[in-house]
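Nothing in this text is a laboratory measurement; each read-out follows from the coordinates by a stated rule. This one's a predicted model, so the numbers in the text were calculated from it and none came from an experiment. With ideal geometry, Cβ positions are generated from the backbone for all residues, glycine too; neighbour counts draw on all protein chains shown.
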Amino acid sequence: MMRLLPWAYLIVAFVFIYLPVASLVLFSFQDGGLPVPPFEGPSLRWYADILSDGDVMAALGNSLLVAAGSAALACALGFLAAYGLARHVLPGSALIRGLLIAPLTVSYLIVGLGLLIVIQRTGLGLSLMTAGIGHVVINLPLCFAIIYASMGAQQQNAERAARDLGADEFRVITLVTIPMLAPAIAAAFFLSVTLSWDEFIISFLLTRFDVTLPVEIWSMLRSGLSPRLNAIGSLVFLVSVTAVLILEIFVFRKNRS
Amino acid sequence: MTAPVSIRSVSHTFGDFQALSDVSLEIGAGEYVTLLGPSGCGKTTLLSVLGGFIDPTAGEVLIDGRDMTRVAPAKRPTTTMFQDYALFPHMSLRDNVAFGLRMGGMGRAARYEVAHEMLDLVGLAHAAATRPHALSGGQRQRVALARALAVKPDVLLLDEPLGALDLKLRRAMQDELKAIQRRVGTTFVHVTHDQEEAMAIADRIVVMNAGRIEDEGPPARIYREPATLFAADFMGEMNHIPARSDGSVVTTSFGPLPGLRAARGDAVLCIRPEALRSGEGALSFGPGEIKVSAFFGTYTRVQVVPEAAPDLVLTAHLPPSEMPEPGSRLTLSADAPAFSLFPTGN
């Protein structure tokens with residue numbers, strides 16, 4: 001009995017976590033017009049419906065663009081900040097580190113509102129780019145923290161050796177530092193992609209005509225429940241799972257061996 | 001490639017800590033020099049000054065007659081073999097060894113050829129395509145050596161290169177390092193705190209303490225006739241016998257010492273354990289009681305409290321054929337050339 005208890009607990013916990021996702025995926029195959037029991041089907045008609053919907057596909061493309069672009073920028077900036085702070089003695093570096101990480105503690109709503117006010121003031125105009133800037137703001141602290149934490153003495157000594165062997169700073173960074181930090185940089189990148197991919201509030205506040213997928217889903221929700229939404233949700237989930245799997249297989253696995 | 005090194009009045013401070021005080025040293029082209037001393041004596045700081053990783057507070061460093069004091073490590077004719085080897089984990093051994101040549105702009109085929117030669121020199125040519133994580137500590141050390149030598153430096157700096165190896169491997173690598181140095185002819189400057197390693201490997205030992213050079217010279221001279229009490233103690237076990245000089249004759253508890261002179265005042269007479277033997281000699285320490293007697297294979301180590309000076313314990317290494325019992329009496333003596341006498345300042 002006592003040996004079964006932990007297993008029962010584990011199963012209950014996983015059911016609690018995954019039941020909503022499982023029901024979402026299940027009713028995306030619903031043949032009827034409402035994603036509620038009883039289950040009729042399976043049918044791929046709602047997938048066919050959304051894949052031929054130009055607005056949804058455009059939003060999907062926008063989301064991928066914003067996720068990849070903002071993640072790449074956040075990684076690049078996070079790496080440079082981490083490299084500077086880990087390799088050079090700067091006045092007030094503890095404060096700079098703190099300020100770089102602080103945005104993690106600010107809610108997305110506040111970040112989004114703040115950016116909205118600033119962007120309205122500057123007259124920049126809302127677009128995918130402004131949403132991307134918002135995502136850089138929320139992902140940069142994470143990228144910085146992940147990359148900074150993995151910069152150890154081992155890299156530092158290898159950089160020293162490279163410099164001793166005649167490498168200039170550019171080649172030290174590109175040939176030694178970045179390859180040695182590749183697992184951390186990739187982890188930061190994929191984490192940023194998944195966070196940006198799912199993010200709603202900032203995208204909602206900072207986009208106008210071109211919207212990201214979560215914003216598109218939200219506007220579809222206003223006209224009521226439909227298995228179309230389940231189908232989109234399942235696709236979104238599939239993309240996130242793929243990103244996590246890529247991370248697991250190519251980054252963490254390689255790192256362990 | 002090889003070049004002489006000239007260190008002139010180099011001083012360096014870290015905050016309040018004086019790491020090097022007015023150090024001057026001449027190193028000949030092709031010489032194998034070890035910097036020997038305890039932790040914090042400044043030996044690694046001096047090596048970093050030679051490698052260009054530290055700008056000294058004062059003084060200058062000349063390599064092959066050219067002032068290198070403020071030249072960046074990349075632009076110096078030196079390479080460093082780091083204590084933790086600092087190999088590039090994401091590159092094959094071949095790419096590791098060829099890295100310096102790649103930085104120098106050599107083409108892929110040419111640099112791989114040199115890399116193979118260097119890997120062959122250290123006996124790892126068969127593993128050229130593997131990554132460093134597959135290697136043992138001794139093998140990584142060889143790769144680091146090959147990488148540092150591949151760019152044909154004038155001076156190779158070795159920072160405690162054998163520190164992470166076990167004793168047996170360390171002794172084997174000492175011989176190999178020395179043989180490779182003889183073959184390539186490069187000037188080697190090797191930092192260590194292990195006096196046996198220094199003696200086994202060096203043409204010349206530089207003993208350092210508290211940021212200064214205590215003594216420098218061939219291993220045998222430093223061991224037998226150290227210039228300072230610190231060098232005497234650091235090079236191996238030493239018996240200390242208090243002595244006193246009245247300006248012409250040096251006296252200890254065992255009577256006047258023949259043939260030694262020292263300025264008036266207190267002094268300490270030093271004698272190595274293996275210079276003591278049983279029986280009477282030029283300087284006799286008289287009969288004493290054996291406290292400890294232990295067999296060490298190549299010698300028997302005894303500790304004797306002489307009757308003439310009951311506060312002293314004399315340690316002697318006797319031939320292994322002699323195995324006196326603890327508690328029995330033994331007369332120890334030595335011959336005059338085995339002594340060193342250092343004034344203690346008051």
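Structure values in brief
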{"item": "log₁₀ of I(q)/I(0) at q = 0.06, 0.07, 0.10, 0.11 Å⁻¹ - the protein assembly as shown, Debye sum with one point per alpha carbon", "result": "-0.55, -0.68, -0.99, -1.09"}
{"item": "Average other protein chain Cβ within 10 Å of Cβ, residues B:89-99", "result": "3"}
{"item": "The protein assembly as shown: Lys pairs at Cα distance under 25 angstrom, eight or more positions apart or on different chains", "result": "7"}
{"item": "Listed residues B:ALA115, B:LEU62, B:THR251: farthest to the positive end of the dipole of chain B (Cβ charges)", "result": "B:ALA115"}
{"item": "Square roots of five times the Cα gyration tensor eigenvalues for the range B:237-343, Å", "result": "25, 13, 11"}
{"item": "Per-selection Rg to Rh, chain A - Cα, Kirkwood hydrodynamic radius", "result": "1.06"}
{"item": "Dipole of chain B, positive end: most advanced residue of B:ALA3, B:PHE230, B:PHE17 [Cβ charges, Cα centre]", "result": "B:ALA3"}
{"item": "Over the range B:1-153, equivalent-ellipsoid semi-axes from the Cα gyration tensor in Å", "result": "31, 17, 13"}
{"item": "Shielding by other protein chains, B:140-149, mean Cβ within 10 Å", "result": "1"}
{"item": "Segments A:61-67, A:9-15 sorted - mean Cβ within 10 Å per residue, highest first", "result": "A:61-67, A:9-15"}
{"item": "Spherically averaged projected area in nm², based on the convex hull that wraps the Cα atoms of the range B:121-210", "result": "6.5 nm²"}
{"item": "Taking the range B:5-231 and dividing mean pair separation by its residue count, relative contact order in percent (alpha carbons under 8 Å, at least six apart)", "result": "27 percent"}
{"item": "B:LEU167-A:GLU248 pseudo-label distance in nm [points 7 Å out on the Cα-to-Cβ vector]", "result": "4.9 nm"}
{"item": "Computed label-point distance, nm, for sites A:GLU169 and B:ARG244 using a 7 Å Cα→Cβ extension", "result": "6.6 nm"}
{"item": "Rounded to the nearest 20 debye, dipole of the range B:237-343 from Cβ charges on Lys, Arg, Asp, Glu", "result": "200 debye"}
{"item": "Two-site FRET efficiency, B:ALA294 against B:ASP266, from Cβ-Cβ distance with R₀ of 25 Å, rounded to 0.05", "result": "0.15"}
{"item": "Unit charges on C-beta of K, R, D, E only; dipole of the range B:96-211, Debye", "result": "420 debye"}
{"item": "FRET efficiency, A:ILE96 to A:ARG3 (Cβ-Cβ, R0 56 Å, nearest 0.05)", "result": "0.60"}
{"item": "Positive-end residue, the range B:237-343 charge dipole about Cα centroid, Cβ charges, pick of B:GLY286, B:GLY265, B:THR300", "result": "B:GLY265"}
{"item": "Cα-centre dipole for the protein assembly as shown with unit charges at Cβ (Lys and Arg positive, Asp and Glu negative), debye to 20", "result": "1000 debye"}
{"item": "By average C-beta atoms within 10 angstrom, highest first, the peptides B:184-193, B:7-16", "result": "B:184-193, B:7-16"}
{"item": "Relative packing of peptides B:71-81, B:211-221 - highest average C-beta neighbours within 10 Å first", "result": "B:71-81, B:211-221"}
